1. Could you sort the peptides 232-244, 306-318 by per-residue average Cβ neighbour count (10 Å cutoff), highest mean leading?
2. Order of 62-68, 73-79 by packing, highest average Cβ count within 10 Å first?
3. For Glu168, enumerate residues with amide H under 5 Å from its amide H, sequence gap 5+ or separate chain, H modeled in the peptide plane.
4. Among 178-188, 207-217, how do they line up from the highest to the lowest mean number of other beta-carbon atoms within 10 Å?
5. For Leu225 and Glu294, compute 0.36 nm times the residue count separating them, minus their Cα-Cα distance, and round to one decimal in nm.
6. Once you put a point 7 Å from the Cα of Asn276 and another 7 Å from the Cα of Asp245, both along the Cβ direction, what distance in nm separates them?
7. Apply 1/(1 + (r/R0)^6) to the Cβ-Cβ distance of Gln14 and Phe265, taking R0 = 30 Å, and write down the FRET efficiency to the nearest 0.05.
8. Any idea how far apart Ser21 and Gln62 come out in nm if each label point goes 7 Å out from Cα toward Cβ?
Amino acid sequence: MVLCLKDLEEREEQEAGNRRSVEQAANDLKVKCGLLLHWMAHAIMSKRQMSYKVTELQLLLQKEENLAKIFIDEKTQQALEAHDQQLESCQEKQIQQHSDPIQLLKKYMEIKNEMQEPRHLLEQWHPIPLSSEHILNYYKHLVTVLQFILQKPPEARLKESARSPNWEYDSLHPRLKLSDDHLVVSCNCKRIFYPCGPQRFNKLWQVLSRDAFLSGSHYWEVDLLHAGAGWWIGAAYPSIGRKGDSETCRLGWNRASWCLKKFNFEYWAFHKADRNPILIEDDPDCTGIFLDYEVGILSFYNVTDGMAHLHTFCCKFTEPVTQP
């Protein structure tokens with residue numbers, strides 16, 4: 001009986017170890033999928049930038065070609081008109097029989113000089129080849145820009161475009177305090193009297209940003225060094241609920257918001273009340289958030305750990321996205 005119990009305990013420990021291995025493998029797979037989506041988004045961004053530049057160059061070349069055709073047509077028409085006028089003049093001054101050889105020689109020299117004038121005009125009006133130096137310079141600049149985009153790591157490009165959210169005063173909960181520059185939010189021990197408006201959160205300690213994105217790719221960073229043992233950050237539609245503490249107002253508990261949450265030493269990703277655990281070795285003092293509206297990804301990174309990927313949400317955005 002003792003041997004059976006011992007064998008049963010060993011099997012239970014083995015099954016527990018297997019479950020932990022499977023959970024770890026699943027988490028690793030999620031992280032790798034998130035990284036793959038991130039790189040795909042950057043590849044699409046680079047491809048889009050290259051397409052814009054190539055289209056711009058094609059339009060420029062087409063415009064130069066049209067101008068050259070118009071220039072050649074105008075000068076050719078002027079040359080033809082001058083030639084026709086010269087022929088009419090020659091017909092009027094046709095040489096008739098003259099008994100005086102000196103007069104005949106004078107007429108011959110006049111007609112010869114007149115016939116040579118259109119040749120000089122044609123030489124003057126012959127279209128001079130247009131300079132393509134500015135087109136070559138534009139192409140060289142395009143190549144330089146593309147090389148810069150492809151050679152620079154995506155992390156470095158993200159850091160260069162990083163910005164801090166500009167928090168909205170009208171949505172601030174009464175237990176939150178906003179700095180004068182609207183860049184820092186801190187908790188307050190007492191409620192602060194704010195005007196009660198439709199945009200203000202009255203139950204949940206939340207605040208939204210003034211910025212709302214309806215297209216393009218954007219990256220911002222949130223400093224969490226003094227956030228304490230618990231915090232939640234993410235993105236939301238401006239249509240998220242503001243009054244009460246129901247799921248329609250909670251960040252990450254509805255279709256209008258996405259959330260990365262820390263509570264004590266646990267990290268979770270929330271959307272539509274569906275939560276996924278996140279394994280983080282070192283607490284992030286600063287978190288980076290990358291949004292690509294058209295591609296439909298929202299990614300979180302641990303900036304203090306060399307842009308380590310934390311989590312990626314995949315979604316088709318249908319409203320402007322703001323930063324809560």
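1. Listed from highest to lowest mean packing, they are 232-244, 306-318.
2. The most tightly packed comes first, giving 73-79, 62-68.
3. Those lying under 5 Å, H to H, from Glu168 are Leu208, Ser209, Arg210.
4. For the peptides 178-188, 207-217, the packing ranking is 207-217, 178-188.
5. Working: separation 69, 0.36 × 69 = 24.84 nm, distance 3.17 nm.
Length difference between fully extended and current span is 21.7 nm.
6. Each label point lies 7 Å from its Cα, and together they span 2.8 nm.
7. So, using R0 = 30 Å, E works out to roughly 0.65.
8. Taking the simple label geometry, Ser21 and Gln62 are separated by 6.1 nm.
Read the figures in this text as sums done on the coordinates, not as results from a lab. Predicted model, so just to flag it, every value in this text is computed and none were measured. So basically every Cβ, Gly included, is an ideal-geometry build from the backbone, and we count neighbours across all protein chains shown.
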